[in-house]
Every structure is written in structure tokens, then in C-alpha cells.
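Below is one structure, written out as C-alpha cells; the observations come after it.
The values are calculated or read from the model by the stated rules, or taken from the named source; none is laboratory data. Just so we're clear, the structure is a prediction, and the values are computed from it rather than from any experiment. Ideal geometry is used to build each Cβ from the backbone, glycine not excepted, and the neighbour counts take in all protein chains shown. For the accessible areas, the whole protein counts, side chains as well, though only heavy atoms, and no ligand, DNA or RNA atoms are used. Shrake-Rupley method; radii C 1.70, N 1.55, O 1.52, S 1.80 Å.
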Amino acid sequence: MDEDGRASARRTDTAPGDTAPQRAIERVKAMIADGTLQPGQRLPAERDLAAQLGISRGSVREAVRALTVLGVLEARHGSGIYVTRLGAVDLLATFGVMAGLSRGPRLLEMLQVRRVLESAAAALAAARITPDELAELEGHLAAMCATDDPDEVLAHDLAFHRTITAAAGNETLAALLEGLSSRTVRARVRRGRQEEGAIGRTRREHAAVLRALAARDPEAARAAAAAHVGAVEEWLRGRLDG
């Protein structure tokens, strides 16, 4: 093929609506899934990867960019492109961005998902939580009860739930809840609830969760966690319906 032909092929390969970049994404993902590329391994040079996949360098470049945003690949300055460790935190990072930007009915959907996952995490934690983790929860609850500063309450609220998800022992569940329970999401909801006694309710709801965990009662922990998130969910639903 002459130079004009190669240029034409490149233009066609990366034209708007063309599927070549998506094919490149799927093929790189397949290489990772089948073990050809391992976590932490450096990708071949762009020219070599394009030849290996039978796709233009432009499409490979777009695929690498997209997979980097998704946390599948990472660029190391002066070294190249590497497969990440493929941990839940890496792969679910963009989920937290989506949760943080959600509004209205979509935010309500996020809270509904959070209620399901928080309940599951609490039930798992009830069977696995250690004395040290229970003491940590008691400390965060005591700190929440000792202040009326919304920012301090929020900080201990977040830490309380992170301790529970850590005790649950499921990294993927913890990563999902981290996205759903980010400071941005909670602060937006809590600001709207300040005048309705949110801090007092928060203390009582967290105390109920802690009692269930201390009793090592999975079903009670599940119910207490669901009631805690459900209260926020019902408040938001009322605002949307009003």
C-alpha cells in the first residue's frame, strides 16, 4: 500500500462512529482476561501492539487512553503503559465520580443501591468484626456525640462506615460503598437535612448499628443499617415528590 493508501486507512480507522478503537479496547481487555497481559506488566510499544492487534496506532492510542481513565491501565512517566493491579479500588474509581455528580432521581437510585450494600456489609461485619474494630466504632460514635459541628460529624460518620466495610472483608463491596458514600454525596444530602435534626438522628441510627454489631447479630445489623440509609432515602424521596 502506498503512503496515500496508508493515510486513507488511518483516517477510516479512526473516523467518527468507527468501531476500531472499541475493537482495540476489547482486544486489550481480552489479553488481560486470558493472562497474556498480567497485572503490573508493561504493554508492548504502541507500534508493536498495533501490529499485534491488526489495528491502527491511532485506535490503539485511543484504547489505551480510555482504559487508563477506567483504571485498567496506568501511564508511568518515562517508563510506559502498565496494567494496574486490577484491584477493586482501581476499577471502580469512576463509579465514585458518577455517584458524586448524580442529582434528583439518580441520586435517589444511588441511595437505594447504597442501602442494599450497606445492609450486606453490616451483616457480614457482624460475623467477622474484631474487638479492635468494635472499639474503633465506639470511638467514632463517641466523637459524633461530642460535637454539633456538621463537618466533624460527617468525618466520623464516614470513618464509622469504612470500619464496618473493612470488617466485612470484601474489597469489592468496600470499593462500591466508598463511591456511594463519598464525602461529596453525604455532604450534599446532609446540608439539606440540617434543619430537621439530622445530627441527632444520625447518632441514634449509628448507635443501633453498633449495638447489633457488638451483639454479633447479622440480621439485626442488616436491619439497622437499612433503616439508617433508608431514613435519608425517604427524606430525599419526599423532596423529589414535593
Looking at (1) open to solvent by 20 Å² or more (accessible area, probe 1.4 Å); (2) modelled with pLDDT under 85, which one does Gly179 not meet, given that it meets all the others? (1)
Within region 127-140, how many residues turn out to be among the aliphatic types (A, V, I, L, M), part of a helix (DSSP H, G or I) and surrounded by 14 or more Cβ atoms within 10 Å (Cβ to Cβ)? 3
Name the single residue, out of those in region 45-102 being at pLDDT 90 or above and of a type in the set (Lys, Arg), that is farthest from the chain's Cα centre (by Cα). Arg47
Here the qualifying pairs (Cβ atoms under 8 Å; residues six or more apart or on different chains; first in region 219-242 and over 13 Å from Ala120 (Cβ atoms) and modelled with pLDDT under 85; second among the charged types (D, E, K, R) and surrounded by fewer than 16 Cβ atoms within 10 Å (Cβ to Cβ)) come out as Ala231/Arg201; Trp235/Glu196
Kindly list the number of the only condition in (1) at pLDDT below 90; (2) within 19 Å of Arg114 (Cβ to Cβ) that fails for Ala212. (1)
